[in-house]
Amino acid sequence: AQTIHQWPVAEIKAVGSPLSLGCTIKGKSSPNLYWYWQATGGTLQQLFYSITVGQVESVVQLNLSASRPKDDQFILSTEKLLLSHSGFYLCAWSPRGGEDTQYFGPGTRLLVL
Amino acid sequence: GQQVQQSPASLVLQEGENAELQCNFSTSLNSMQWFYQRPGGSLVSLFYNPSGTKHSGRLTSTTVIKERRSSLHISSSQTTDSGTYLCAWIASSSFSKLVFGQGTSLSVVP
């Protein structure tokens, strides 16, 4: 069975500080990977997707970056956090060449002060 | 404009009542997915439903492609059904792009 793990569970960070959020998928080779963001009370938005190691495409510009250093790992980061980065970050995967359905991780809640 | 419209925005039910949640899409529908978002924020996939009707326990999803809409029916609601229900349009491309609606917040009271 596939499992998806996100870390950390929650973070409180200062404006201007760096951020790194992680996501790993176990039990599935070469998945498509995605990052989503949801502001408090807002709509979920897809931020990035990756269909292979080393390749990441941006969907929405939020002064964030993403990388896929390994087949099963997806990283979301920024060097300088903004207040507007607060919210809930979700990682998801879908099978390559299969159904479009996506499976989501437990999420990371971020508060920027 | 909003590509995915959900209605109602919020709903309060007495336990045991039924609910019908709607999702309308402004563009051609390739596929769609229904999710339940727990109060803590994590998502549970309920249905991947590109067309037709699907059942899972007390839940039924019906998607009508040519009318660009999908519905989620909850029968005999329970307090544990409380939370936010999200629908998402799945764009067809080399990757799976989900465009979410704003959600329906459901509260089931005893």
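The values are calculated or read from the model by the stated rules, or taken from the named source; none is laboratory data. Because the structure is predicted, anything quoted here is derived from the model rather than measured. Backbone-built Cβ (ideal geometry, glycine too); neighbour counts: all protein chains shown.
Values as computed for the structure displayed
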| read-out | value |
| --- | --- |
| The lone exception for B:S107 - which of (1) touching a strand residue (DSSP E or B) at 6+ places or on another chain (Cβ under 7 Å); (2) in a loop (DSSP other than H, G, I, E, B); (3) among the hydroxyl-bearing types (S, T, Y) it fails | (2) |
| Check on A:Q102, closer than 18 Å to B:S42 by Cα and in contact (Cβ under 8 Å) with a residue 40 or more places away in the chain | yes |
| Selection count where residues are buried (at least 16 other Cβ atoms within 10 Å of the Cβ), outside any strand (DSSP E or B) and either within 12 Å of the chain's Cα centre (by Cα) or more than 14 Å from chain A (Cβ to nearest Cβ) (or both), scope the stretch B:41-87 | 6 |
| Sole exception among (1) crowded, with 20+ Cβ neighbours inside 10 Å; (2) more than 8 Å from chain B (Cβ to nearest Cβ); (3) within 13 Å of the chain's Cα centre (by Cα) for A:L81, by number | (3) |
| Sole exception among (1) under 15 Å from A:H5 (Cβ atoms); (2) touching a Pro at 6+ places or on another chain (Cβ under 7 Å) for A:D72, by number | (2) |
| Extreme residue, modelled with the highest pLDDT, among residues of the stretch B:74-107 that are out of contact with any Phe, Trp or Tyr (no Cβ under 9 Å at 6 or more places or on another chain) and closer than 13 Å to A:Q46 by Cβ | B:A91 |
| Within the stretch B:1-40, tally of residues that are buried (at least 18 other Cβ atoms within 10 Å of the Cβ) and either without any contact (Cβ under 8 Å) to a residue 24 or more places away in the chain or assigned to a loop (DSSP other than H, G, I, E, B) (or both) | 1 |
| Selection count where residues are within 10 Å of A:L33 (Cα to Cα) and within 8 Å of another protein chain (Cβ to nearest Cβ), scope the stretch A:48-62 | 2 |
| Residues located in the stretch A:97-111, provided they are at the interface with chain B (Cβ under 7 Å from one of its Cβ atoms), assigned to a loop (DSSP other than H, G, I, E, B) and modelled with pLDDT of 90 or more | A:P106, A:G107 |
| Entirely in the stretch A:1-79, the strands (runs of 3 or more DSSP E) that have 2 or more residues that are over 22 Å from A:S94 (Cβ atoms), among the aliphatic types (A, V, I, L, M) and in contact (Cβ under 8 Å) with a residue 24 or more places away in the chain | A:10-13 |
| Options B:S82, B:S105, B:S56: the member that is closer than 26 Å to A:T3 by Cβ, among the small types (G, A, S) and out of contact with any Cys (no Cβ under 8 Å at 6 or more places or on another chain) | B:S56 |
| Any hit, the stretch A:65-74, residues being at the interface with chain B (Cβ under 10 Å from one of its Cβ atoms) and under 28 Å from B:Q6 (Cβ atoms) | no |
